1. Quick check: residue separation of ALA182 and ALA137 times 0.36 nm, minus the Cα distance between them. What number comes out in nm?
2. Of all the accessible heavy-atom surface of the chain, with the other protein chains kept in place and a 1.4 Å probe, what percent is carbon and sulfur?
3. Using θ = phi - 60° and the Karplus curve 6.51 cos²θ - 1.76 cosθ + 1.60, what whole-Hz ³J(HN,Hα) does each residue of region 129-146 get, with Gly and Pro shown as x?
4. Taking just the C-alpha trace of region 99-181, give me its Rg and Dmax in Å.
5. Run the numbers for ASP46 and ASP111: contour at 0.36 nm per residue of separation, minus the present Cα-Cα distance, in nm.
6. Can you compute log10 of I(q)/I(0) for the chain with the Debye formula, treating each Cα as one identical point scatterer, at q = 0.14, 0.18 Å⁻¹?
7. Before I look further, what does the chain give for accessible area per residue, probe 1.4 Å, in whole square angstrom?
8. Measuring from label point to label point, each 7 Å out along Cα→Cβ, what is the ARG72 to TRP193 span in nm?
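The values are calculated or read from the model by the stated rules, or taken from the named source; none is laboratory data. Keep in mind that this is a model prediction, so the values were computed, not measured. Because the Cβ atoms are built from the backbone with ideal geometry, glycine has one as well, and the counts that use them run over all protein chains shown. Ligands, DNA and RNA are excluded from the accessible area calculation, which covers all protein heavy atoms including side chains. Shrake-Rupley method; radii C 1.70, N 1.55, O 1.52, S 1.80 Å.
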Amino acid sequence: MPATNPPKPIPPGPNSWKIESLSFPDVKKKPFIDVNPNGRVPAIEDLNTDLTLWGSGAILQYIVERYDAEHRVSYEGVKERHLSSQYLHFQMSGQGPYYSQASWFQVMHPDKIPSVIERYANEIKRVLGVLEGVLAAKKSQWLVGDKMTFADMAFVPWDLRLSELLLQSWDEVWDGAPHVRAWHESMVNLPSWKRSMDIRARLLDEQGLQ
Ligand SMILES: N[C@@H](CCC(=O)N[C@@H](CS)C(=O)NCC(=O)O)C(=O)O
C-alpha cells in the first residue's frame, strides 16, 4: 500500500507569475471565471485594446506582439517567429503538463504512488534531454537565433522547481544536461530577472500569497 500523507498547502503556481498572481481558491469562482472560464491563472484584461485573454502561452505571444515592437525578446522574421512558437508550444504541451503532474503526485496528492512519481520524473528527464540536444547543437545558447526570447524564458518558472519535483539537489537535477543548466542559470542571473523576482516577492507578500 502506498504511504498516505495529508494534503499540503498549494504553493503559488509556476504558470501564473509569468503574468500575475491570485490565490488558488479564487480562480474557480466569480468574478475570475468570467475572465477565464477554465478557472486557472493566468488571465489578463488589456484595457488598451479591450482584449481578455487566458493561458500563459497565448498571453506571452500577445504581449510580445503588442508591446515588443522593438523585438527585444522576439523576432520579426517568419522563420524565427514560428520557431519561437514551436518552443513555446513545447513548453505548454511538453514541459508544463508533465512537470505539473509531477508536482501534483510528488507534493500535493495524498497517496504517494511510486510508479506514477517515477513516470513523471522520467518525463521531466526526457524533456530536459530534448532541450539538451537542441541547445548542445546550437552555436548560440538560445533556442532560436542568437538572442534570448520569450520562448526561452517560458521554461524558467517550472525549471526553478526541479529540485522539489525530482527530490534531488540542484547539481543532481542537471545531470546529463549541462547546456540546459547553463541556459537556465544565465536567465535567472540576469539583473532584469532578479528585479522581476524582487517585485514578485514583494507583491506576493503584500497580497498574503507567499
Ligand atoms: N496551460 C496553462 C496552465 C494554467 C495552470 O495550470 N495554472 C495553475 C497555476 S500554475 C492554476 O491555475 N492552478 C489552480 C487550479 O487548477 O485550481 C497556462 O500555462 O496558463
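1. 14.8 nm
2. Carbon with sulfur: 56 percent of the solvent-accessible area.
3. Working through the residues one at a time gives x, 4, 5, 4, x, 5, 6, 5, 7, 8, 6, 8, 8, 9, 5, 10, x, 10 Hz.
4. Values for region 99-181 (Cα only, Rg and Dmax): 13.9, 45 Å.
5. Gain on stretching ASP46 to ASP111: 19.3 nm.
6. Normalising to I(0) and taking log10 leaves -0.95, -1.50.
7. In whole numbers, the chain has 57 Å² accessible per residue.
8. 1.7
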